[in-house]
Amino acid sequence: MNKFTTSIPTKAQDIIQKALQNKRYELLEPEAKELIEAFGITTTRHTVTSSVTDALQAATALGYPVVLKIVSPDISHKTDVGGVKVGIRDDAGVKIAYEEIMKNVNMKMPDARIHGIIVEEMAAPSTEVIVGGLRDPQFGPAVMFGLGGIFVEIYKDVSFRIAPLEEYEALDMIHEIKGSKVLKGFRNTEALDITALAQTILKVSNIMISLEEIKEIDLNPVIVYPKGVKAVDARIILSRL
Ligand code: ADP
Ligand code: MG
């Protein structure tokens with residue numbers, strides 16, 4: 001163990017082993033969220049449900065508004081198949097969203113195995129960013145940071161570092177992207193919690209260093225607030241060794 005790694009949470013190792021035993025090389029969203037939580041990354045509270053009745057109960061327990069999303073080992077981009085409904089405000093909305101998601105998925109991916117529908121607290125809107133981890137064939141574990149949406153997809157405005165990182169490197173990653181002004185506050189917008197964001201980048205670095213089975217992590221998006229951050233989606237891909 002070097003100075004960058006803390007002890008590896010047993011829960012994280014269990015999640016990976018269970019997936020590998022089932023020959024699944026992409027964790028389900030609830031598994032990926034449990035894994036990153038074990039490393040101290042804040043995510044949305046959630047419950048996986050398998051009927052409208054379950055989903056209604058979960059939504060009431062979480063409190064409205066909620067988000068519903070498909071949980072399937074065969075679907076990694078949930079929006080693409082109509083598998084995400086945000087901003088659901090009441091019981092009627094849960095029923096409609098649940099049925100629409102099932103209908104969309106059955107139509108677009110009739111062979112997909114469905115593990116259920118995740119009901120999540122709806123995180124308040126703020127600036128969305130992406131924090132990623134990958135294993136470069138030449139340089140080994142690395143981390144990536146960028147602003148969400150078109151900034152990454154069209155402008156490729158991202159920064160990379162080889163893991164493990166020191167805190168100053170995580171801060172540099174945030175400051176060096178062209179769009180970093182968005183995070184620092186201008187005119188009427190409040191400055192966002194760059195310290196918490198840097199900590200999230202360090203935690204992803206720690207995950208990549210600690211768990212060699214992980215090939216790729218994609219926290220897209222992480223929502224950044226004036227105080228704190230929250231990962232609302234998590235995708236983790238395992239190596240086929
Ligand atoms: P995917 O990337 O697989 O299409 P996401 O889980 O990222 O699915 O959901 C799509 C979008 O919906 C996110 O980029 C985010 O803007 C929004 N979203 C998802 N979950 C939540 C949530 N719990 N709270 C607020 N917004 C959410
Ligand atoms: Mg996403």
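Scanning the range 35-69 for residues that are within 16 Å of ligand 2 (Cβ to nearest atom) and touching an Asp or Glu at 6+ places or on another chain (Cβ under 9 Å) yields a total of 6. Counting residues in the range 78-87 that are closer than 30 Å to T10 by Cβ and either more than 21 Å from the chain's Cα centre (by Cα) or assigned by TED's automatic domain parsing to the domain that holds G148 (or both) gives zero.
Contact map, the range 219-239: residues that are within 13 Å of ligand 1 (Cβ to nearest atom) paired with residues that are in a strand (DSSP E or B) and of a type in the set (F, W, Y), Cβ distance under 8 Å, separation 6+ or inter-chain. No pairs are found. Test G133 against the stated conditions and say whether it is in contact with a Pro (Cβ under 8 Å, 6 or more places away or on another chain), more than 12 Å from ligand 1 (Cβ to nearest atom) and assigned by TED's automatic domain parsing to the domain that holds I201. Taking the combined requirement at face value, the residue satisfies it. The residues of the range 195-223 that are of a type in the set (S, T, N, Q), within 17 Å of S126 (Cα to Cα) and surrounded by 24 or more Cβ atoms within 10 Å (Cβ to Cβ) amount to a single one, T200. Looking only at residues of the range 26-78 that are of a type in the set (A, V, I, L, M, F, W, C) and assigned to a loop (DSSP other than H, G, I, E, B), we find that the one that is surrounded by the fewest Cβ atoms within 10 Å (Cβ to Cβ) is F39.
When A170 is tested against (1) open to solvent by 20 Å² or more (accessible area, probe 1.4 Å); (2) away from ligand 1 (no atom under 16 Å from the Cβ), just one condition goes unmet, and that condition is (1).
Has the range 224-235 got at least one residue that is part of a strand (DSSP E or B), closer than 17 Å to S159 by Cα, open to solvent by 20 Å² or more (accessible area, probe 1.4 Å) and within 15 Å of ligand 2 (Cβ to nearest atom)? No, the range 224-235 contains no residue that is part of a strand (DSSP E or B), closer than 17 Å to S159 by Cα, open to solvent by 20 Å² or more (accessible area, probe 1.4 Å) and within 15 Å of ligand 2 (Cβ to nearest atom). For the range 125-148, a tally of residues being within 18 Å of the chain's Cα centre (by Cα) and either part of a loop (DSSP other than H, G, I, E, B) or without any contact (Cβ under 8 Å) to a residue 24 or more places away in the chain (or both) returns 4. Part of a loop (DSSP other than H, G, I, E, B), open to solvent by 40 Å² or more (accessible area, probe 1.4 Å) and more than 14 Å from ligand 2 (Cβ to nearest atom): is that true of K18 in this structure? Criteria not met by K18.
The values are calculated or read from the model by the stated rules, or taken from the named source; none is laboratory data. Predicted model, so just to flag it, every value in this text is computed and none were measured. Methodologically, a virtual Cβ is constructed for each residue, glycine included, from the backbone with ideal geometry; neighbour enumeration extends over all protein chains shown. Just so you know, the surface numbers come from the protein's heavy atoms only, side chains and all, with ligands and any DNA or RNA stripped out. Shrake-Rupley method; radii C 1.70, N 1.55, O 1.52, S 1.80 Å.
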